[in-house]
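One structure below.
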Amino acid sequence: MRPLAQCQVLLAAVLASIAAVASTSAPAQDRAGERAAMIETIKSHARSAPSAVGRQGIDPAVLETMRKVPRHLFVPEEQRSAAYRDRPLPIGYGQTISQPFIVALMTDLINVGPGDVVLEVGTGSGYQAAVLSPRAAKVYSIEIIPELGKRAAARLAELRYGNVEVKVGDGYYGWPAHAPFDGILVTAAASHIPPPLVEQLAKGGRMVVPVGAPFATQFLMLVEKRQDGSITTRQLLPVGFVPLRGGGAR
């Protein structure tokens, strides 16, 4: 029989282990019901916009990823009660976290999978990168606002999205050192499709980018690079994004 002191030490170790596991899984489990309701709303929107989605609905694997990502941890404390509503939310510095349906749609449209390398222009809160993380081998994300970039990088590291790399810089010019990219997502509206990003898109790759002037009609555009290097574009649906800052603002 173990001495009482030894039993107490063992019990404390077991309780600490249980607490650590609970702490690790808490972000995924917390507010799961709200995430499930968010997924149903996304499905409803997708059924209403089959021409944008390209079929009857969003890829179930994308929805399953979004069911697991704790969106409320990517918004400011004062916005967390609204984290799972289907609308953009302010995250500071004049920027927003995108509407969940738009996050799902853009993720679905670039159609990346294991082994693929993705570029995100406009890290923002880090939420879109977190959704991309389980779907790709590597996610490179660029944020022009230093405070947001540093905050997002810390949050993604804290939540163990280890295949996401964030840098502060001008995303209009992409990230040439890691090109070509199998998929590119631009989460701010440009006045035109940025040529440097087209150049860094891999053959067979896809880019999704909102195009249009601030406070005017913007459209989500799908850009595809064929195997022969030729480019096709398709206008999908009207959207409202904050403007792309940096080189694209000229």
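Remarks
- Just checking the listed ones, Q95, Q235, Q227: in the Gaussian network model of the chain with Cα springs under 10 Å, the one fluctuating most is Q227.
- Neighbour counts of C-beta atoms inside 10 Å place E143, E77 in the sequence E77, E143, starting with the fewest.
- Span from the the stretch 66-86 Cα centroid across to the the stretch 131-151 one, whole angstrom: 17 Å
- Reach of K68 by Cα under 23 Å, taken over lysines that are not fewer than 8 positions away in the same chain: K43, K138
- Stokes-Einstein diffusion coefficient of the stretch 36-159, Kirkwood radius over Cα pairs, 37 °C, 0.692 mPa s, in µm²/s: 223 µm²/s
- Ranked for footprinting exposure by Cβ neighbours inside 10 Å, fewest first, R67, R245 give R67, R245.
- At R0 = 51 Å, FRET efficiency that the Cβ-Cβ distance of E77 and E199 yields, to 0.05: 0.80
- Cα-Cα pairs of the stretch 175-233 separated by more than 18 Å (percent): 30 percent
- Taking amide hydrogens as placed 1.01 Å from N in the peptide plane, the amide H of S191 sits under 5 Å from those of G212, each at least 5 positions away in sequence or on another chain.
- Close amide H partners of T123, meaning residues 5 or more places away or on another chain with modelled amide H under 5 Å apart, are I142, E143, I144.
- For the stretch 126-250: span of alpha carbons on each principal axis (Å, largest first): 38, 36, 24
- Sequentially through the stretch 228-238, phi angles give Karplus couplings (6.51, -1.76, 1.60; θ = phi - 60°) of 7, x, 6, 10, 10, 10, 9, 7, 9, 7, x Hz, Gly and Pro residues having no value and appearing as x.
- Amide H to amide H distances under 5 Å link T96 with I91, where only residues 5 or more positions off or on other chains count and H is placed in the peptide plane.
- Gaussian network model of the chain, Cα within-10 Å springs - most flexible of T41, T107, T187: T41
- Listed options for volume of the Cα convex hull per residue in Å³ are [x] 154; [y] 105; [z] 145. The value calculated from this structure is the one marked [x].
- Shown in residue order for the stretch 185-201 are the 3J(HN,Hα) couplings computed by the Karplus curve 6.51 cos²θ - 1.76 cosθ + 1.60 at θ = phi - 60°: 10, 10, 9, 8, 7, 9, 6, 7, 6, x, x, x, 6, 4, 4, 8, 6 Hz (x for Gly and Pro).
- In nm, spacing of pseudo-spin labels at S230 and F215 (7 Å Cα→C-beta vector): 4.1 nm
- Sorted by Cβ density within 10 Å, fewest first, the residues H72, H178, H192: H192, H178, H72
- Rounded to whole Hz, the Karplus (6.51, -1.76, 1.60) HN-Hα couplings of the stretch 162-179, x for glycine and proline: x, 9, 9, 10, 10, 9, 8, x, 8, x, 3, 8, x, 9, x, 4, 10, 6
None of the figures in this text is laboratory data; all of them are computed from the coordinates on show. Bear in mind the structure is a predicted one, so any value in this text is a computation, not a measurement. Here the Cβ is made from the backbone with ideal geometry for all residues, glycine too, and neighbour counts use every protein chain on show.
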